[in-house]
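Engineer: Here it is, the structure in full.
The values are calculated or read from the model by the stated rules, or taken from the named source; none is laboratory data. It should be emphasised that the depicted structure is a prediction, and the values quoted were computed from it without experimental measurement. Virtual Cβ from ideal backbone geometry, glycine too; neighbours counted across all protein chains shown.
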Amino acid sequence: MAVIIDGKKISQQIKDELKEKVEKLRMEGKTGALAVIQVGADPASSVYVRNKKNACAYIGIESLAYELPEDTSEDALLQLVEELNGKEEVKGILVQLPLPSHICEDKVIQAISPGKDVDGFHPQSVGAMAIGEKGFLSCTPAGIIELLKRSGIEMEGKRCVVIGRSNIVGKPMALLMLRENATVTITHSRTKNLPEICRQADILIAALGKPRFIGAEYVKEGAVVVDVGIHRDENNKLCGDVKFEEVEKIASAITPVPGGVGPMTIAMLMNNCVQGMEEEPKA
């Protein structure tokens, strides 16, 4: 029976450490705010935004909320981002995705100053991560690395299989696992013999976005399984990409949904915000 990796507990440890750091920075005269922009009132986005504001309040940094109507034009949103880029007290800018279909997400992401890109989505942030330079890391993959480290799970020399190739999770996850000296395979919807490849993994990271897709036939005995998915099942209960009850019996460790990767994403967002406060402002 697998050890359950408690993301709630580990994220709380990180937030407590950040709270202390923020207090020290305040004593040095360093403060900052996170600007959170939400366009429209998507219920899931509203929950995420509320959780981010609560996390800011907990660690002691200010959050500025910009709740814009669904019909906000792309130009108006880009103008707001530009204004926030210029505000010295704003150390991080976060635009909650998804955006309404009339707004180009890439254009908005690229408009955020890389020095304030606390989501780690800007091409400059991604490029810095790819070559190992300093910059903001994508929050979910960085959270998974922290989850594994703080659970005492060795990554060096291990075979890691990532299921999914999105810009937000799959690709950055592979890069960060490489940084930890794992041997990485990326799989996706066109991969042939997917179960066979997944069964070679010492660490299996499921980020494919299909509810309860990964069953026991994908998992090697004793593997560590990280479930990035978050969905609602036919009974409106939260579930992940993994058939938890089935896989728990053969994995050595597994993240639950909820309470696994989700809380870590917000903890690492807070970590990026504090990193933004520590950095000297760029000319």
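Engineer: Of a type in the set (A, V, I, L, M) and under 30 Å from GLY86 (Cβ atoms): does that describe LEU269?
Structural biologist: Numbers: of a type in the set (A, V, I, L, M): yes; under 30 Å from GLY86 (Cβ atoms): yes.
Yes.
Engineer: Okay, next question. Have a look at MET277, MET264 and point out the one that is buried (at least 18 other Cβ atoms within 10 Å of the Cβ), among the aliphatic types (A, V, I, L, M) and under 20 Å from LYS8 (Cβ atoms).
Structural biologist: Working: MET277 fails: under 20 Å from LYS8 (Cβ atoms).
Criteria check complete, one pass: MET264.
Engineer: For region 41-60, enumerate the residues that are within 28 Å of LEU238 (Cβ to Cβ) and touching a residue at least 24 places away in the same chain (Cβ under 8 Å). I'd like the intermediate steps shown before the answer.
Structural biologist: Residues of region 41-60 within 28 Å of LEU238 (Cβ to Cβ): 41-59.
Those that are within 28 Å of LEU238 (Cβ to Cβ) and touching a residue at least 24 places away in the same chain (Cβ under 8 Å): ALA41, ASP42, SER45, TYR48, VAL49, ASN51, LYS52, ALA55, CYS56, TYR58, ILE59.
Engineer: Ok, one more. Quick test of your reading of the structure: GLN124 fulfils all but one of (1) within 30 Å of VAL90 (Cβ to Cβ); (2) more than 18 Å from the chain's Cα centre (by Cα); (3) not in a loop (DSSP other than H, G, I, E, B). Name the failing condition by number.
Structural biologist: The failed condition is (2).
Engineer: Does ALA41 satisfy the criteria of being in a strand (DSSP E or B), loosely packed, with under 15 Cβ neighbours inside 10 Å and over 18 Å from the mean Cα position of the chain (by Cα)?
Structural biologist: Numbers: in a strand (DSSP E or B): no; loosely packed, with under 15 Cβ neighbours inside 10 Å: yes; over 18 Å from the mean Cα position of the chain (by Cα): yes.
No: the conditions fail for ALA41.
Engineer: If you don't mind, there's one more thing I want to ask. When you check ALA267 against the structure, is it in a loop (DSSP other than H, G, I, E, B), of a type in the set (A, V, I, L, M) and at pLDDT 95 or above, yes or no?
Structural biologist: Values: in a loop (DSSP other than H, G, I, E, B): no; of a type in the set (A, V, I, L, M): yes; at pLDDT 95 or above: yes.
The answer is no for ALA267.
Engineer: So which residues in region 237-253 are within 17 Å of VAL162 (Cα to Cα), out of contact with any Pro (no Cβ under 8 Å at 6 or more places or on another chain) and not in a strand (DSSP E or B), if there are any at all?
Structural biologist: Our first condition is that a residue be within 17 Å of VAL162 (Cα to Cα); within region 237-253, this holds for 240-243, 247, 251, 253.
Pick out the ones that are also out of contact with any Pro (no Cβ under 8 Å at 6 or more places or on another chain) and you get 242-243, 247, 251, 253.
Listed by number, the residues that qualify are LYS243, VAL247, ALA251.
Engineer: As an exercise: evaluate GLY29 against (1) modelled with pLDDT of 95 or more; (2) assigned to a loop (DSSP other than H, G, I, E, B) and give the number of the one condition it does not meet.
Structural biologist: Only one criterion in (1) modelled with pLDDT of 95 or more; (2) assigned to a loop (DSSP other than H, G, I, E, B) is unmet by GLY29, namely (1).
Engineer: So, one more: Only one of GLU234, GLU196 is acidic (Asp, Glu) and in a loop (DSSP other than H, G, I, E, B). Can you tell me which? Don't jump to the end; show me each part of the working.
Structural biologist: On the way: GLU196 fails: in a loop (DSSP other than H, G, I, E, B).
Just one listed residue meets the conditions, GLU234.
Engineer: Tell me, yes or no, whether region 184-192 has at least one residue that is polar (S, T, N, Q), under 23 Å from ALA44 (Cα atoms) and not in a helix (DSSP H, G or I).
Structural biologist: Initial filter on region 184-192 (polar (S, T, N, Q)): 185, 187, 189, 191.
With under 23 Å from ALA44 (Cα atoms) added as a condition, the list becomes none.
Among the residues of region 184-192, not one is polar (S, T, N, Q), under 23 Å from ALA44 (Cα atoms) and not in a helix (DSSP H, G or I), which makes the answer no.
Engineer: Determine, yes or no, whether VAL49 is closer than 17 Å to PHE121 by Cβ, at pLDDT 95 or above and surrounded by 13 or more Cβ atoms within 10 Å (Cβ to Cβ). Lay out the reasoning, then the answer.
Structural biologist: Working: closer than 17 Å to PHE121 by Cβ: yes; at pLDDT 95 or above: no; surrounded by 13 or more Cβ atoms within 10 Å (Cβ to Cβ): yes.
Judged against the criteria, VAL49 is not a match.
Engineer: Still on this structure, please answer the following. Going by the conditions given, is ILE168 among the β-branched types (Val, Ile, Thr) and farther than 20 Å from ALA2 by Cβ?
Structural biologist: Yes; evaluated as a whole, the condition is true for this residue.
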